[in-house]
Each structure stands twice: as C-alpha cells, then as structure tokens.
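Each value in this text was obtained by applying a stated rule to the coordinates, not by laboratory testing. If you're wondering where the values come from, they're calculated on a predicted model, not measured in any experiment. Counting neighbours? That spans all protein chains shown, and the Cβs are built from the backbone with ideal geometry, glycine included.
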Amino acid sequence: MPLDIARNASLKALNTFGVEARAAYLVHVRSPADLAEIDADPQLGGLPRLVLGGGSNVLFTRDVDGLVLRIAIDGARELGVADGAWCVEVGAGENWAATVERLTRDGRPGLENLALIPGQVGGAPIQNIGAYGLEVAERFRSLTAWDPAQCAVVTLDAAACAFGYRDSVFKRAGASRIVLSVTFALPCRWQAVAGYAEVVQELKQRGVADPQAQDILSIVSDLRRRKLPDPAQIGNAGSFFKNPIVSREKCAALIERHPSLVSYALPGGRYKLAAGWLIEAAGLKGATRGRAGVYERQALVLVNRGGATGNEILQLAREVQDKVAARFGVALEPEPTIV
C-alpha cells in the first residue's frame, strides 16, 4: 500500500491538549514496511522527524518543520506462558485504556492499576507509565522497535530499555528507535496490588475484603475520573509534572517546616514528594492565566481552558516551577515532551 502522507497537516486533533500546530509532512505508520519505505525515500528520509502516538504526552509550542510519524500499528496476540506469566503482544498503535480493560475482562489481569491512562500502548514503555502502586516496567517482557540505523526491526528486553521513574532509553538524547509492539508479562498467579492509600480507602468503603482484578480496575477508573479531566472535554496531558525525588535530609527539612507535606519513602533512603501538594501549597491550584490554567481538582494537571496556545501553557508551567522552587527549593520537571 502507498504511504498515507498529508502535507501541511493540522495536529490539533492528534494531541490531548488540543493546541493548534501543523506538520510539514504527516505519515500514518501502519507497519514496519512503512518505516522502511520512509527511510529509503530521498525526500522524507532526510527530514527531521517526530514520533507521535496518542498525543497524550506532548505539548506543541510551534509548528513541526519536518516529518511527523503517527504510529497506527494495531493488533494483539497471546504468545503463551513463560516464567509464570501470560505473554501478550500488543501493537503500539492500540489504545492503552481499551487494552487494559480488554485484557482484564478476558482473564489476563495485571495492568488494572494503570487503567484509564490516556495514550497508546507504544507510549507506555517510553514513559514507563505508573499509577496506584504499579509501573509498566513491572509487567514488561520485551518490545519490538524499528531501528533506522540498521533499517531493521529489533527486539529489546527490560534491561535494554533502561527503565527509570517515568523514564526509559527512548527518552535519552539521540534516541531514534520507534516502538512497534510491546509484549507484557501478566502473572498467571495474579495478586492484587492494593496497598496504595486511596485504593485501600476505596476498598473499605465498598466493603471489598478480597479484591479481584475487576474491583481494582473499577476503583482506579473511578479515582481517575474524579481527579482528572477528560481530554475530550478539557484539553490536558494528565499529570504535567513528575513527583520530585529528594534526599532523606531534604525531605526531613521540608517536613519540619511543612508538616502536612505528602511524601513516600523509596529504596535507597530517598523520598518522592507529591508535586500536586507542592503546587497547591504554592497557591496555584485553580489558577488561570489567560486561556491556560491549573485544574481545580488536581493541581498536578495543567489545562487548556479553550483556545490556549502551547506557549501559553508553557508559560504557566514555568510560573508553577518558579513558585514551587522559590517556596520549597524543589525543582519540578515536566512529564510531557515539549516541542
């Protein structure tokens, strides 16, 4: 099939912030063969490129003077059991939330704590998405990726992906491989990951003593709906800032001055601070700057209140960073890729 190429294409519908930006060239990638053809094309192959999945982790502040690759590789298949886990391969273009719901419903639980996170499957390992006590790295077996240097499909295991907190090798400088599919390892002997405080509280309120996967899926989905805006209604990219990680000494000093500070102990003696708490304590929850704002229900989320440009949202993000740094001496790092 010929490549699906659009010129001077709008990206507004392809990013969950809903900001306007245009791409000189936009190609919808449906197979590795498409990528091979692009790399071999004398015009397209030499253009600077941006890989775009669900657009839920990107903020456009300008047009893209190059090639945008919209990953649209679908499909899912079971590969059998290995090391006590069901191995399920899913195309990078599949919707993440729908995939989690389908696997849970079909008796392949393990991802339910990551329910309702926007975006596509291919973005999950890139960002090492996490929520409610689970990171995707804990359910990851391998992925396939297009390597333009080799003009071939390669397979990467967890070690090669170099997962970190909301991080992977795909986010490092010079990274050029493009995720095609992800294989998840879903435990055959499933156990609920139910230690997160909000999940514990919700289980008690519902009177559930022995939670099943559908219970966790339902609870996490409800929690996210209460706290986070639907991108179809209010433009946003979910949590805009990472929860900062500080030393034990820094955390103790902050708690001495701010006893209600929310923090979580990590291995190695470091602590993760709740970025939403820091932003709210800095007086910015619900703030509006022109057409951009900080969400009223969750200070960690920046929103497009209607017609905002990417630069308006970026300026608000910088104000948040500056005020949190001034009050707490803590640097907030954005989660989305800023173009």
Which value in deg cm²/dmol, rounded to the nearest 500, describes the helix-derived mean residue ellipticity at 222 nm for the chain, given -39,500 (n - 2.57) per DSSP H run of n ≥ 4 and division by the residue count? -7500 deg cm²/dmol
Listed pairs Lys171/Lys250; Lys171/Lys285; Lys227/Lys272; Lys242/Lys323; Lys171/Lys323 exceeding 22 Å between Cα atoms: Lys171/Lys250; Lys171/Lys285; Lys171/Lys323
Using only the alpha-carbon atoms of region 178-305, report the extent along each of the three principal axes, biggest first, to the nearest angstrom. 47, 42, 41
Through the Karplus equation 6.51 cos²θ - 1.76 cosθ + 1.60, θ set to phi - 60°, convert the phi angles of region 74-85 into ³J(HN,Hα) values in whole Hz; use x for Gly and Pro. 10, x, 8, 7, 8, 9, x, 10, 8, 6, x, 9
Which trypsin sites (Lys or Arg not before Pro) in region 116-204 pass both tests, a DSSP loop state and at most 12 other beta-carbon atoms within 10 Å? Arg172, Arg189
Could you tally the net charge around Ala115, taking each other residue with its Cβ under 12 Å from the Cβ of Ala115, Lys/Arg +1 and Asp/Glu -1? 0
When the distances between all Cα atoms of region 235-338 are binned every 10 Å from zero, what whole-number percent does each bin get? 16, 48, 26, 9, 1
Residue ranges of DSSP H helices in the chain that stretch 18 Å or more (Cα, own long axis) and have mean Kyte-Doolittle hydropathy of at least -1.0 are 213-227, 310-328
Among Ala175, Ala325, Ala85, determine the one that fluctuates most according to a GNM of the chain built with springs between C-alpha atoms less than 10 Å apart. Ala175
Could you pull out the GluC sites (Glu not before Pro) across region 287-330 that fall in loop regions by DSSP (anything but H, G, I, E, B) with no more than 15 other Cβ atoms inside 10 Å? Glu296
For region 76-187, report the translational diffusion coefficient in µm²/s to the nearest whole number, using Stokes-Einstein at 37 °C, 0.692 mPa s, and a Kirkwood Rh over Cα pairs. 235 µm²/s
Inter-label distance for Arg172 and Trp190, nm, one decimal - labels placed 7 Å from Cα along Cα-to-Cβ: 3.5 nm
So, in Å, what gap is there between the alpha-carbon centers of region 101-172 and region 324-339? 24 Å
Computed over the Cα atoms of region 4-71, the Rg and Dmax in Å are 11.5, 33
How long is the gain from Glu78 to Ala40 if the chain were fully straight, where each residue apart is worth 0.36 nm and the alpha carbon distance is subtracted? 10.4 nm
How many angstrom lie between the C-alpha centres of region 184-200 and region 1-35? 36 Å
